[in-house]
Amino acid sequence: MKVLVTGCYGQVGTELMALAKAYGHETIGFDYDTLDITDQQAVQACVQKEQPDVLINAAAYTAVDKAEDDKDAAKAVNATAVGYLAQACKVLDIPLIHISTDYVFDGSKEGAYIESETVAPLGVYGETKLEGEVLVRSLCEKYYIFRTSWVFSAHGNNFVKTMLRLGAEREELGIVADQRGKPTSAREIARVIYEVLASHKNAWGIYHLAQANAVTWFDFAQSIFDEAKQQGLPLRVKQVNAITTADFPTPAKRPQNSELDCSKLETTFNIELQPWNVSLAEVIKMLSEKSKMEDVQ
Ligand SMILES: NC(=O)c1ccc[n+]([C@@H]2O[C@H](COP(=O)([O-])OP(=O)(O)OC[C@H]3O[C@@H](n4cnc5c(N)ncnc54)[C@H](OP(=O)(O)O)[C@@H]3O)[C@@H](O)[C@H]2O)c1
């Protein structure tokens, strides 16, 4: 299959590009510098020229806090541009695979969220991502929307890399312990997307895609430091303190519980999601090897 990936330099985009060959796909990747998805004419021209068999949109405005003061830009990328991609896919009659977020929920539920649960985003990022979902569903018949959460990888900006940096700089850290979710590796998202395509089930719709188990940011940070220590990474951090959301105010409100129930994905496509701690060990190993290479150079 010929797969067109937008946002190909991002966390998920990078993994989609890297893993495609293993599934026998040819990929063409675009990012901001080669295809600005907010340019409708450029999107149409690119999709017409490339004639892909499927389009995967990994491009997004992901700066959750910045989005609060930058609504127009967030909406342009996360909503309006997604409509352009959906229209272009409809013209070619090809599937659109789109990635969305746990932040479409308000986090007030006790247990895990299923796909049909009421959405009620708390901030601009979640609102604009939800608008993107609505556009895909209204404009396309052949689509998969994968809602994921707490994405991490060896590249780009993410919590794992932030913790490793802070843990190397400071002896004591305070980490929020009253927000719960499922950390998910970009590589696992890419793998699952290609598994779903390989199934040829065409069971179009919205699916939750996140790795077990649900934890707090505090728990996740502890696991990051434990794994990093086990792999011999230099860390100064000696004490990690559990703090509350109120102790660490941010411009955007975040859901307290954004645990995603992934049983629809697992049963429909007979897919077993890898637990995040396995992915975390792989990502830390990659980062450790990368830093050793940089030391040598
Ligand atoms: N990160 C998370 O924790 C998280 C959680 C839940 C869901 N998601 C969703 O998962 C998907 C992938 O996220 P990610 O973490 O891989 O994001 P990412 O690392 O921020 O990558 C997004 C990519 O899209 C590019 N982009 C932004 N605006 C663009 C435009 N107008 N045209 C073309 N490319 C553009 C970005 O370029 P620049 O860097 O130059 O802006 C970046 O390369 C997104 O849909 C996101 O909403 C992410």
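The values are calculated or read from the model by the stated rules, or taken from the named source; none is laboratory data. This structure is a prediction, so every number in the text was calculated from the model and none was measured. Please note: Cβ atoms are built from the backbone with ideal geometry, for glycine as well, and neighbour counts cover all protein chains shown.
Which residues, counting only those in region 95-136, are of a type in the set (Val, Ile, Thr) and assigned to a strand (DSSP E or B)?
Within region 95-136, Ile97, Ile99, Thr101 meet the criteria.
If I filter region 140-163 for residues that are out of contact with any Gly (no Cβ under 6 Å at 6 or more places or on another chain), more than 16 Å from the ligand (Cβ to nearest atom) and among the aliphatic types (A, V, I, L, M), do I get at least one hit?
No: zero hits.
Scan (1) assigned to a helix (DSSP H, G or I); (2) among the aliphatic types (A, V, I, L, M); (3) under 24 Å from Leu16 (Cα atoms); (4) in contact with a strand residue (DSSP E or B) (Cβ under 8 Å, 6 or more places away or on another chain) for the single condition Ile206 breaks and write down its number.
(1)
Go through the residues of region 140-161 one by one and say whether even a single one is basic (Lys, Arg) and in contact with a Pro (Cβ under 9 Å, 6 or more places away or on another chain).
yes
Pairs only if they're at least six apart or on different chains, beta carbon under 8 angstrom, first in region 245-261 and in contact (Cβ under 8 Å) with a residue 12 or more places away in the chain and among the basic types (Lys, Arg), second part of a strand (DSSP E or B) and buried (at least 16 other Cβ atoms within 10 Å of the Cβ); list them, first residue then second.
Taking only residues 6 or more apart or on different chains, not a single pair turns up.
Can you name the number of the only condition in (1) more than 19 Å from Ala212 (Cβ to Cβ); (2) free of Cβ contacts under 8 Å to residues at least 40 places away in the same chain; (3) assigned to a loop (DSSP other than H, G, I, E, B) that Glu272 fails?
Condition not satisfied by Glu272: (1).
Looking at Ser116, Ser100, which one is within 13 Å of Leu260 (Cα to Cα) and touching a helix residue (DSSP H, G or I) at 6+ places or on another chain (Cβ under 8 Å)?
Ser100
Has region 105-115 got any residue that is on the phi < 0 side of the Ramachandran plot, in contact (Cβ under 8 Å) with a residue 12 or more places away in the chain, β-branched (Val, Ile, Thr) and surrounded by fewer than 24 Cβ atoms within 10 Å (Cβ to Cβ)?
Yes, region 105-115 has at least one match.
Has region 40-47 got any residue that is modelled with pLDDT of 95 or more, out of contact with any Phe, Trp or Tyr (no Cβ under 9 Å at 6 or more places or on another chain), of a type in the set (Gly, Ala, Ser) and assigned to a loop (DSSP other than H, G, I, E, B)?
No, because not a single residue in region 40-47 is modelled with pLDDT of 95 or more, out of contact with any Phe, Trp or Tyr (no Cβ under 9 Å at 6 or more places or on another chain), of a type in the set (Gly, Ala, Ser) and assigned to a loop (DSSP other than H, G, I, E, B).
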